[in-house]
1. Name the one entry in Thr147, Thr101, Thr155 that is among the hydroxyl-bearing types (Ser, Thr, Tyr) and at pLDDT below 85.
2. Sort out which residues of the stretch 144-153 are within 22 Å of Arg72 (Cβ to Cβ) and open to solvent by less than 50 Å² (accessible area, probe 1.4 Å), and write them in order of number.
3. If we scan the stretch 122-138, do we find a residue that is open to solvent by less than 70 Å² (accessible area, probe 1.4 Å), part of a helix (DSSP H, G or I) and touching a residue at least 60 places away in the same chain (Cβ under 8 Å)?
4. I'm checking my understanding of the structure. Among residues of the stretch 7-64 that are of a type in the set (Phe, Trp, Tyr) and in a helix (DSSP H, G or I), which one is most open to solvent (accessible area, probe 1.4 Å)?
5. When only residues in the stretch 120-143 that are at pLDDT 90 or above and hydrophobic (A, V, I, L, M, F, W, C) count, which is nearest to Thr79 (Cα to Cα)?
6. Quick check, is Gly161 outside any helix (DSSP H, G or I) and open to solvent by less than 70 Å² (accessible area, probe 1.4 Å)?
7. Pick out the one residue from Ile74, Ile110 that is within 30 Å of Thr25 (Cα to Cα), assigned to a helix (DSSP H, G or I), open to solvent by 40 Å² or more (accessible area, probe 1.4 Å) and at pLDDT below 85.
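The values are calculated or read from the model by the stated rules, or taken from the named source; none is laboratory data. Keep in mind that this is a model prediction, so the values were computed, not measured. Neighbour counts run over all protein chains shown; Cβ positions are idealised from the backbone, glycine included. Ligands, DNA and RNA are excluded from the accessible area calculation, which covers all protein heavy atoms including side chains. Shrake-Rupley method; radii C 1.70, N 1.55, O 1.52, S 1.80 Å.
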Amino acid sequence: MNSVSFKKNLLGVQEELLRFAYKLTANCEEANDLLQETSLKALDNEDKYTPDTNFKGWMYTIMRNIFINNYRKIVRDQTFVDHTDNLYHLSMSQNSGFDSTEGAYDMKEIHRIVGLLPKEYRIPFAMHVSGFKYREIAEKLGLPLGTVKSRIFFTRQRLQGQLRDFV
């Protein structure tokens, strides 16, 4: 496919892509931004498109992937990781969903046990509980993926073992 027909196809699907972008974002400005980002990505990767294949499907896939990546980035940026030595922010009283004093005591006990862990176990566990994926934790802390998984597993085992009396 030559560059002229590629651009012609790209212009031909703009209206449909804008509707799809609006369905994803439910916001006109964000839909326009998503359409623009999708079009730029398609133009940058024109050489990767295989001629005589479903162009519209290729474009929808690019748009969907951009939307998912942007959403994940927003979620990741909004996640707070407590790096204080005594997990001050993690230990702060929050609406934990426990209405009983027993539930509050259990949460204090969990925080106490996690707080006693060495820093190299406590931080990956806190990040995992906050919603980070294993791979993201490994990248942020500069650790091998297997090390992160084993440290989180060890922390869970330790919590389960020490909290058996509370269940």
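1. Details: Thr147 fails: at pLDDT below 85; Thr155 fails: at pLDDT below 85.
It is Thr101.
2. Result: Val148, Ile152.
3. Looking for residues that are open to solvent by less than 70 Å² (accessible area, probe 1.4 Å), part of a helix (DSSP H, G or I) and touching a residue at least 60 places away in the same chain (Cβ under 8 Å), one finds at least one in the stretch 122-138, hence yes.
4. Tyr22
5. Ile137
6. no
7. Ile74
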